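Since the structure comes first, as C-alpha coordinates, the remarks are kept for the end.
The values are calculated or read from the model by the stated rules, or taken from the named source; none is laboratory data. Keep in mind the model is a prediction, meaning the values are calculated, not measured. Cβ placement follows ideal geometry from the backbone for every residue including glycine, while neighbour counts extend to all protein chains displayed. These area figures cover heavy atoms from the full protein model, side chains too; ligands, DNA and RNA do not enter into them. Shrake-Rupley method; radii C 1.70, N 1.55, O 1.52, S 1.80 Å.
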Amino acid sequence: MKQYDYLIVGSGLFGATFAYFAKSQGKKCLVIDKRSHLGGNVYCENIEGINVHKYGAHIFHTSNKEVWDFVNSIVEFNRYTNSPVANYKGRLYNLPFNMNTFYQMWGVVTPEEAQAKIDEQRVEATARMQADGVSEPRNLEEQAQVLIGKDIYERLIKGYTEKQWGRKCADLPAFIIKRLPVRLVFDNNYFNDKYQGIPIGGYNKLIDGLLYGIETKTGTDFFNDRTYWESLADKIVFTGKIDEFYGYCFGKLNYRTVRFEQETLDTPNYQGNAVVNYTERDVPYTRVIEHKHFEMFGQEVYNCPQTVISKEYSTEWHDGMESYYPVNDAANTALYAKYKALADCETNVIFGGRLAEYKYYDMAPIMEKVMQMIA
(Lines give C-alpha, C1' and ligand atoms only; values in the text may rest on other atoms or scores of the structure.)
Protein backbone atom coordinates (compact mmCIF):
# COMPACT_ATOMS: atom_id res chain seq x y z
CA MET A 1 0.00 0.00 0.00
CA LYS A 2 1.42 3.36 -0.99
CA GLN A 3 1.89 6.28 1.37
CA TYR A 4 -0.60 8.62 -0.36
CA ASP A 5 -3.75 8.30 -2.40
CA TYR A 6 -2.78 11.30 -4.53
CA LEU A 7 0.46 13.04 -5.36
CA ILE A 8 -0.56 16.47 -6.63
CA VAL A 9 2.08 18.19 -8.74
CA GLY A 10 1.44 21.92 -8.59
CA SER A 11 -0.34 23.98 -5.94
CA GLY A 12 -2.28 26.36 -8.17
CA LEU A 13 -6.06 26.48 -8.22
CA PHE A 14 -6.55 23.12 -9.91
CA GLY A 15 -4.17 21.28 -7.60
CA ALA A 16 -5.29 23.04 -4.41
CA THR A 17 -8.98 22.57 -5.16
CA PHE A 18 -8.47 18.91 -6.02
CA ALA A 19 -6.58 18.37 -2.78
CA TYR A 20 -9.36 20.03 -0.79
CA PHE A 21 -12.09 17.77 -2.12
CA ALA A 22 -9.93 14.65 -2.04
CA LYS A 23 -9.20 15.31 1.64
CA SER A 24 -12.91 15.85 2.31
CA GLN A 25 -13.45 12.31 0.99
CA GLY A 26 -10.87 10.90 3.37
CA LYS A 27 -8.05 10.66 0.83
CA LYS A 28 -4.45 11.33 1.82
CA CYS A 29 -2.71 13.85 -0.41
CA LEU A 30 0.77 15.26 -0.86
CA VAL A 31 1.05 18.52 -2.81
CA ILE A 32 4.44 19.47 -4.23
CA ASP A 33 5.44 22.65 -6.06
CA LYS A 34 8.76 23.63 -7.61
CA ARG A 35 8.28 27.27 -6.65
CA SER A 36 9.20 28.55 -3.21
CA HIS A 37 5.55 29.27 -2.40
CA LEU A 38 2.10 27.74 -2.76
CA GLY A 39 -0.68 29.06 -4.97
CA GLY A 40 0.77 28.98 -8.46
CA ASN A 41 0.03 32.12 -10.43
CA VAL A 42 -2.54 33.47 -7.95
CA TYR A 43 0.15 33.92 -5.30
CA CYS A 44 0.27 37.36 -3.68
CA GLU A 45 3.18 39.08 -1.95
CA ASN A 46 2.38 41.63 0.73
CA ILE A 47 4.33 44.85 0.17
CA GLU A 48 3.67 47.93 2.30
CA GLY A 49 0.32 46.44 3.34
CA ILE A 50 -0.71 45.82 -0.28
CA ASN A 51 -1.38 42.35 -1.68
CA VAL A 52 0.58 42.33 -4.93
CA HIS A 53 -0.50 39.85 -7.61
CA LYS A 54 2.99 38.58 -8.46
CA TYR A 55 2.06 36.81 -11.68
CA GLY A 56 -0.45 39.23 -13.12
CA ALA A 57 -3.88 40.48 -12.15
CA HIS A 58 -6.40 37.83 -11.09
CA ILE A 59 -10.08 38.75 -10.78
CA PHE A 60 -12.49 36.02 -9.74
CA HIS A 61 -15.80 36.05 -11.61
CA THR A 62 -18.54 33.49 -12.15
CA SER A 63 -22.26 33.06 -12.64
CA ASN A 64 -22.16 29.68 -10.91
CA LYS A 65 -23.62 30.21 -7.43
CA GLU A 66 -22.25 26.90 -6.19
CA VAL A 67 -18.69 27.95 -7.06
CA TRP A 68 -19.20 31.43 -5.60
CA ASP A 69 -20.63 30.06 -2.36
CA PHE A 70 -17.80 27.55 -2.13
CA VAL A 71 -14.96 30.07 -2.45
CA ASN A 72 -16.70 32.39 0.01
CA SER A 73 -16.93 29.49 2.47
CA ILE A 74 -13.11 29.42 2.38
CA VAL A 75 -12.53 33.21 2.49
CA GLU A 76 -14.89 36.15 2.13
CA PHE A 77 -14.63 37.97 -1.21
CA ASN A 78 -14.96 41.73 -1.60
CA ARG A 79 -17.04 43.74 -4.09
CA TYR A 80 -14.27 44.60 -6.59
CA THR A 81 -15.67 45.19 -10.08
CA ASN A 82 -13.30 45.02 -13.02
CA SER A 83 -13.58 48.27 -15.01
CA PRO A 84 -10.36 48.72 -16.98
CA VAL A 85 -9.39 51.94 -18.74
CA ALA A 86 -7.50 52.23 -22.03
CA ASN A 87 -4.88 54.94 -22.54
CA TYR A 88 -4.19 55.86 -26.17
CA LYS A 89 -1.77 58.75 -26.66
CA GLY A 90 -2.84 60.23 -23.33
CA ARG A 91 -6.58 60.01 -23.97
CA LEU A 92 -8.63 57.67 -21.80
CA TYR A 93 -11.37 55.30 -22.97
CA ASN A 94 -13.56 52.96 -20.94
CA LEU A 95 -13.52 49.22 -21.53
CA PRO A 96 -15.23 47.05 -22.56
CA PHE A 97 -16.67 48.91 -25.55
CA ASN A 98 -19.80 50.63 -24.26
CA MET A 99 -21.63 53.95 -24.48
CA ASN A 100 -18.90 55.67 -22.46
CA THR A 101 -16.33 54.45 -25.02
CA PHE A 102 -18.44 55.59 -27.97
CA TYR A 103 -19.00 59.01 -26.43
CA GLN A 104 -15.27 59.35 -25.80
CA MET A 105 -14.50 58.19 -29.34
CA TRP A 106 -17.14 60.00 -31.41
CA GLY A 107 -19.16 62.26 -29.10
CA VAL A 108 -22.34 60.24 -29.62
CA VAL A 109 -24.78 60.31 -26.72
CA THR A 110 -27.54 57.84 -27.63
CA PRO A 111 -27.45 54.12 -28.45
CA GLU A 112 -29.00 54.89 -31.85
CA GLU A 113 -26.20 57.33 -32.71
CA ALA A 114 -23.55 54.88 -31.54
CA GLN A 115 -25.01 52.01 -33.56
CA ALA A 116 -25.21 54.18 -36.66
CA LYS A 117 -21.53 55.11 -36.34
CA ILE A 118 -20.49 51.49 -35.80
CA ASP A 119 -22.58 50.34 -38.79
CA GLU A 120 -21.08 53.06 -40.98
CA GLN A 121 -17.57 51.91 -40.19
CA ARG A 122 -18.45 48.24 -40.60
CA VAL A 123 -19.73 48.95 -44.10
CA GLU A 124 -16.47 50.72 -44.94
CA ALA A 125 -14.46 47.71 -43.74
CA THR A 126 -16.59 45.27 -45.75
CA ALA A 127 -16.26 47.45 -48.85
CA ARG A 128 -12.46 47.41 -48.55
CA MET A 129 -12.50 43.60 -48.42
CA GLN A 130 -14.84 43.35 -51.38
CA ALA A 131 -12.53 45.62 -53.36
CA ASP A 132 -9.84 42.98 -52.78
CA GLY A 133 -12.21 40.28 -53.99
CA VAL A 134 -12.81 38.58 -50.61
CA SER A 135 -15.99 38.10 -48.59
CA GLU A 136 -14.59 36.70 -45.32
CA PRO A 137 -11.96 38.32 -43.06
CA ARG A 138 -8.51 36.90 -43.82
CA ASN A 139 -6.84 38.04 -40.61
CA LEU A 140 -7.42 39.68 -37.24
CA GLU A 141 -7.16 43.19 -38.66
CA GLU A 142 -10.01 42.65 -41.11
CA GLN A 143 -12.07 40.70 -38.59
CA ALA A 144 -11.84 43.46 -35.97
CA GLN A 145 -12.81 46.19 -38.42
CA VAL A 146 -15.78 44.18 -39.69
CA LEU A 147 -16.93 43.84 -36.07
CA ILE A 148 -16.29 47.33 -34.67
CA GLY A 149 -14.88 49.63 -37.37
CA LYS A 150 -11.64 51.42 -38.07
CA ASP A 151 -11.52 54.02 -35.26
CA ILE A 152 -11.82 51.66 -32.32
CA TYR A 153 -9.62 49.09 -34.02
CA GLU A 154 -6.78 51.54 -34.61
CA ARG A 155 -6.91 53.20 -31.18
CA LEU A 156 -7.91 50.44 -28.81
CA ILE A 157 -7.19 47.07 -30.46
CA LYS A 158 -4.32 47.22 -32.94
CA GLY A 159 -1.35 48.29 -30.82
CA TYR A 160 -2.39 46.32 -27.74
CA THR A 161 -2.93 43.13 -29.72
CA GLU A 162 0.35 43.44 -31.60
CA LYS A 163 2.23 43.89 -28.33
CA GLN A 164 0.40 40.98 -26.75
CA TRP A 165 1.12 38.54 -29.58
CA GLY A 166 4.38 39.98 -30.90
CA ARG A 167 2.97 39.95 -34.44
CA LYS A 168 1.14 42.36 -36.71
CA CYS A 169 -2.63 42.08 -36.66
CA ALA A 170 -2.55 41.46 -40.41
CA ASP A 171 -0.47 38.33 -39.67
CA LEU A 172 -2.71 36.97 -36.91
CA PRO A 173 -5.62 34.61 -37.63
CA ALA A 174 -9.12 36.05 -37.65
CA PHE A 175 -10.48 33.51 -35.12
CA ILE A 176 -8.58 35.17 -32.26
CA ILE A 177 -11.12 37.98 -32.28
CA LYS A 178 -14.26 36.33 -33.67
CA ARG A 179 -16.45 38.41 -31.41
CA LEU A 180 -16.05 41.59 -29.41
CA PRO A 181 -18.21 42.75 -26.48
CA VAL A 182 -20.22 45.77 -27.67
CA ARG A 183 -22.65 47.26 -25.17
CA LEU A 184 -25.02 50.07 -25.98
CA VAL A 185 -25.31 51.00 -22.30
CA PHE A 186 -23.22 53.13 -19.95
CA ASP A 187 -21.76 50.15 -18.06
CA ASN A 188 -18.01 49.79 -17.49
CA ASN A 189 -18.23 46.38 -15.80
CA TYR A 190 -15.92 44.18 -17.88
CA PHE A 191 -17.62 40.91 -16.97
CA ASN A 192 -21.21 39.82 -17.47
CA ASP A 193 -21.00 37.28 -14.66
CA LYS A 194 -23.34 37.60 -11.69
CA TYR A 195 -20.56 37.43 -9.10
CA GLN A 196 -17.04 38.87 -9.00
CA GLY A 197 -14.51 40.00 -6.45
CA ILE A 198 -11.14 39.48 -4.79
CA PRO A 199 -10.51 37.45 -1.59
CA ILE A 200 -10.33 39.84 1.35
CA GLY A 201 -6.71 39.59 2.42
CA GLY A 202 -5.53 38.27 -0.94
CA TYR A 203 -5.49 34.98 -2.81
CA ASN A 204 -3.06 33.38 -0.38
CA LYS A 205 -5.94 33.11 2.07
CA LEU A 206 -7.92 31.13 -0.50
CA ILE A 207 -5.02 28.77 -1.20
CA ASP A 208 -4.19 28.37 2.50
CA GLY A 209 -7.82 27.52 3.18
CA LEU A 210 -7.99 24.98 0.39
CA LEU A 211 -4.76 23.30 1.55
CA TYR A 212 -5.44 23.46 5.30
CA GLY A 213 -4.44 20.19 6.93
CA ILE A 214 -2.84 18.83 3.74
CA GLU A 215 0.85 17.99 3.52
CA THR A 216 2.72 20.29 1.14
CA LYS A 217 6.31 20.68 -0.04
CA THR A 218 7.61 23.76 -1.87
CA GLY A 219 10.90 24.13 -3.72
CA THR A 220 10.34 20.58 -4.93
CA ASP A 221 10.67 19.70 -8.62
CA PHE A 222 8.81 16.54 -9.61
CA PHE A 223 11.19 15.93 -12.49
CA ASN A 224 14.34 16.02 -10.37
CA ASP A 225 13.43 12.62 -8.86
CA ARG A 226 10.38 11.50 -10.78
CA THR A 227 10.67 7.80 -9.92
CA TYR A 228 10.69 8.54 -6.21
CA TRP A 229 7.69 10.85 -6.32
CA GLU A 230 5.68 8.46 -8.49
CA SER A 231 6.38 5.67 -6.00
CA LEU A 232 4.63 7.51 -3.18
CA ALA A 233 1.02 7.61 -4.39
CA ASP A 234 -1.61 5.49 -6.08
CA LYS A 235 -2.48 8.31 -8.47
CA ILE A 236 -0.87 11.49 -9.73
CA VAL A 237 -2.65 14.78 -10.37
CA PHE A 238 -0.39 16.65 -12.77
CA THR A 239 -0.85 20.38 -13.41
CA GLY A 240 2.46 21.15 -15.10
CA LYS A 241 3.32 21.18 -18.80
CA ILE A 242 2.01 18.10 -20.56
CA ASP A 243 4.87 18.06 -23.06
CA GLU A 244 7.38 18.04 -20.21
CA PHE A 245 5.54 15.14 -18.55
CA TYR A 246 6.17 13.11 -21.70
CA GLY A 247 9.78 14.21 -22.07
CA TYR A 248 8.98 16.46 -25.06
CA CYS A 249 8.83 13.29 -27.16
CA PHE A 250 6.87 15.03 -29.93
CA GLY A 251 8.54 18.42 -29.48
CA LYS A 252 7.87 21.49 -27.33
CA LEU A 253 4.62 23.41 -27.21
CA ASN A 254 4.89 27.18 -27.57
CA TYR A 255 3.64 29.89 -25.22
CA ARG A 256 3.52 33.62 -24.82
CA THR A 257 4.94 34.88 -21.56
CA VAL A 258 4.80 38.08 -19.53
CA ARG A 259 7.59 40.05 -17.89
CA PHE A 260 6.75 42.32 -14.96
CA GLU A 261 8.45 45.52 -13.85
CA GLN A 262 7.34 46.26 -10.31
CA GLU A 263 7.74 49.58 -8.50
CA THR A 264 6.82 50.81 -5.04
CA LEU A 265 5.90 54.50 -5.25
CA ASP A 266 5.65 57.17 -2.54
CA THR A 267 2.13 58.19 -3.48
CA PRO A 268 -1.17 56.81 -2.25
CA ASN A 269 -2.84 56.78 -5.67
CA TYR A 270 -0.89 56.50 -8.93
CA GLN A 271 -3.52 55.96 -11.64
CA GLY A 272 -6.87 55.78 -9.87
CA ASN A 273 -7.74 52.33 -11.26
CA ALA A 274 -6.50 48.78 -10.85
CA VAL A 275 -6.03 48.19 -14.58
CA VAL A 276 -4.99 50.66 -17.28
CA ASN A 277 -4.24 49.26 -20.75
CA TYR A 278 -1.77 51.11 -22.96
CA THR A 279 -3.02 50.51 -26.48
CA GLU A 280 -0.45 52.59 -28.38
CA ARG A 281 2.10 50.40 -30.16
CA ASP A 282 5.02 52.67 -29.23
CA VAL A 283 4.45 52.18 -25.49
CA PRO A 284 6.36 48.94 -24.81
CA TYR A 285 4.18 47.58 -22.00
CA THR A 286 0.60 46.38 -22.46
CA ARG A 287 -0.84 47.57 -19.16
CA VAL A 288 -0.13 48.94 -15.70
CA ILE A 289 -1.65 47.27 -12.65
CA GLU A 290 -2.03 49.27 -9.43
CA HIS A 291 -2.60 46.49 -6.94
CA LYS A 292 -4.10 48.36 -4.00
CA HIS A 293 -7.26 49.14 -5.99
CA PHE A 294 -8.20 45.45 -5.94
CA GLU A 295 -8.79 45.58 -2.20
CA MET A 296 -8.80 49.20 -1.04
CA PHE A 297 -11.70 51.55 -1.70
CA GLY A 298 -12.50 55.16 -0.83
CA GLN A 299 -10.49 56.55 2.09
CA GLU A 300 -8.66 53.22 2.48
CA VAL A 301 -6.62 54.13 -0.60
CA TYR A 302 -5.27 57.24 1.12
CA ASN A 303 -4.81 55.60 4.51
CA CYS A 304 -2.08 53.53 2.83
CA PRO A 305 0.58 56.14 1.92
CA GLN A 306 2.39 54.10 -0.74
CA THR A 307 1.32 52.15 -3.79
CA VAL A 308 2.73 49.28 -5.87
CA ILE A 309 2.45 49.15 -9.64
CA SER A 310 3.42 46.48 -12.17
CA LYS A 311 4.09 47.16 -15.83
CA GLU A 312 3.42 44.13 -18.00
CA TYR A 313 5.46 43.29 -21.09
CA SER A 314 4.24 40.49 -23.34
CA THR A 315 7.15 38.57 -24.88
CA GLU A 316 8.05 35.43 -26.78
CA TRP A 317 8.56 32.40 -24.57
CA HIS A 318 11.92 30.64 -24.36
CA ASP A 319 13.16 27.76 -22.23
CA GLY A 320 13.44 28.71 -18.57
CA MET A 321 10.73 31.38 -18.76
CA GLU A 322 7.30 31.12 -17.16
CA SER A 323 4.70 29.63 -19.53
CA TYR A 324 1.57 31.79 -19.53
CA TYR A 325 -0.59 31.71 -22.63
CA PRO A 326 -0.87 28.77 -25.04
CA VAL A 327 -0.39 29.64 -28.70
CA ASN A 328 -3.46 28.04 -30.22
CA ASP A 329 -2.38 28.07 -33.83
CA ALA A 330 -2.70 25.05 -36.12
CA ALA A 331 0.79 23.70 -35.44
CA ASN A 332 0.54 23.83 -31.64
CA THR A 333 -3.01 22.50 -31.63
CA ALA A 334 -1.89 19.50 -33.68
CA LEU A 335 1.11 18.95 -31.40
CA TYR A 336 -1.03 19.10 -28.27
CA ALA A 337 -3.42 16.55 -29.78
CA LYS A 338 -0.55 14.04 -29.88
CA TYR A 339 0.19 14.54 -26.19
CA LYS A 340 -3.52 14.44 -25.36
CA ALA A 341 -3.76 11.03 -27.02
CA LEU A 342 -1.06 9.75 -24.67
CA ALA A 343 -2.75 11.35 -21.66
CA ASP A 344 -6.06 9.70 -22.52
CA CYS A 345 -4.42 6.31 -22.16
CA GLU A 346 -3.26 6.96 -18.60
CA THR A 347 -5.17 5.18 -15.84
CA ASN A 348 -3.35 6.61 -12.81
CA VAL A 349 -2.63 10.16 -13.94
CA ILE A 350 -5.09 13.07 -13.98
CA PHE A 351 -4.08 16.08 -16.08
CA GLY A 352 -5.63 19.41 -15.17
CA GLY A 353 -5.13 23.15 -15.62
CA ARG A 354 -3.87 25.46 -18.32
CA LEU A 355 -0.42 23.87 -18.71
CA ALA A 356 -1.54 20.25 -18.54
CA GLU A 357 -4.45 20.88 -20.90
CA TYR A 358 -2.71 23.54 -23.03
CA LYS A 359 -5.74 25.75 -22.65
CA TYR A 360 -6.34 29.19 -21.19
CA TYR A 361 -8.67 29.07 -18.18
CA ASP A 362 -10.27 31.67 -15.98
CA MET A 363 -10.20 30.76 -12.31
CA ALA A 364 -13.84 29.86 -11.70
CA PRO A 365 -14.06 27.31 -14.55
CA ILE A 366 -10.96 25.57 -13.17
CA MET A 367 -12.61 25.17 -9.79
CA GLU A 368 -15.94 24.20 -11.35
CA LYS A 369 -14.21 21.49 -13.35
CA VAL A 370 -12.60 20.02 -10.24
CA MET A 371 -15.89 20.16 -8.34
CA GLN A 372 -17.63 18.24 -11.11
CA MET A 373 -14.76 15.76 -11.24
CA ILE A 374 -14.34 14.93 -7.56
CA ALA A 375 -16.71 16.85 -5.26
Subject >> Of 275, 185, 146, the one that fluctuates the most in a GNM where the chain has Cα springs shorter than 10 Å >> reply: 185
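If packing is taken as the average count of other Cβ atoms within 10 Å, what order do 137-143, 334-340 fall into, highest mean first?
In descending order of packing, they fall as 137-143, 334-340.
Would you mind calculating the relative contact order of the chain from Cα pairs under 8 angstrom and at least 6 residues apart, reporting the percent as a whole number? The partial results should precede the final answer.
Details: 696 pairs, mean separation 98.8, N = 375.
Averaging sequence separation for qualifying contacts and normalising by length gives 26 percent for the chain.
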Subject >> Gaussian network model of the chain, springs between alpha carbon atoms under 10 Å - residue of 212, 278, 324 with greatest fluctuation >> reply: 212
Original post:
Using the Karplus equation 6.51 cos²θ - 1.76 cosθ + 1.60 (θ = phi - 60°), what ³J(HN,Hα) coupling, rounded to whole Hz, does each residue of region 77-88 give in order, writing x for Gly and Pro?
Top reply: 9, 8, 9, 3, 10, 6, 9, x, 10, 9, 10, 10
Original post:
Do the alpha carbons of any pairs in 241/340; 150/359; 117/150; 2/27; 2/235; 241/359 sit beyond 21 Å of each other, and which pairs?
Top reply: 150/359
**OP:** Could you state the accessible area per residue of the chain in Å², with a 1.4 Å probe and every protein chain left in place?
**Re:** 47
Subject >> Coarse-grained scattering of region 265-336 at q = 0.12, 0.20, 0.24, 0.25 Å⁻¹, given as base-10 log I(q)/I(0) from a Debye sum over alpha-carbon atoms >> reply: -0.51, -0.89, -1.04, -1.08
**OP:** Would you mind putting 165-176, 95-106 in packing order, based on average other-beta-carbon counts within 10 Å, highest first?
**Re:** 95-106, 165-176
**OP:** For region 105-115, take each phi angle, set θ = phi - 60°, evaluate the Karplus expression 6.51 cos²θ - 1.76 cosθ + 1.60, and give the result in whole Hz per residue in order, putting x for glycine and proline.
**Re:** 7, 10, x, 6, 10, 10, x, 5, 5, 5, 4
Subject >> residue 127-residue 328 FRET efficiency (beta carbon distance; Förster radius 51 Å; 0.05 resolution) >> reply: 0.95
**OP:** Starting from the amide H of residue 254, placed 1.01 Å from N in the peptide plane, find each other amide H under 5 Å away whose residue is 5 or more places distant or on another chain.
**Re:** 327
Subject >> Surface share of carbon and sulfur [accessible, 1.4 angstrom probe, percent] for the chain >> reply: 48
Subject >> Cα-centred dipole magnitude for region 153-219, charges only on beta-carbon of K, R (+1) and D, E (-1), debye, nearest 20 >> reply: 280
**OP:** For region 162-313, just say rounded, prolate or oblate: build the C-alpha gyration tensor, square-root its eigenvalues into a ≥ b ≥ c, call rounded for a/c under 1.5, and beyond that prolate if a/b exceeds b/c, oblate if not.
**Re:** oblate
Original post:
How large is ³J(HN,Hα) for each residue in region 309-325, as worked out from phi by the Karplus curve 6.51 cos²θ - 1.76 cosθ + 1.60 (θ = phi - 60°), to whole Hz, x for Gly and Pro?
Top reply: 10, 10, 8, 10, 10, 7, 9, 5, 8, 9, 3, x, 8, 5, 9, 9, 10
Original post:
Going highest first, how would you order 11-23, 65-77, 42-54 by mean Cβ packing within 10 Å?
Top reply: 11-23, 42-54, 65-77
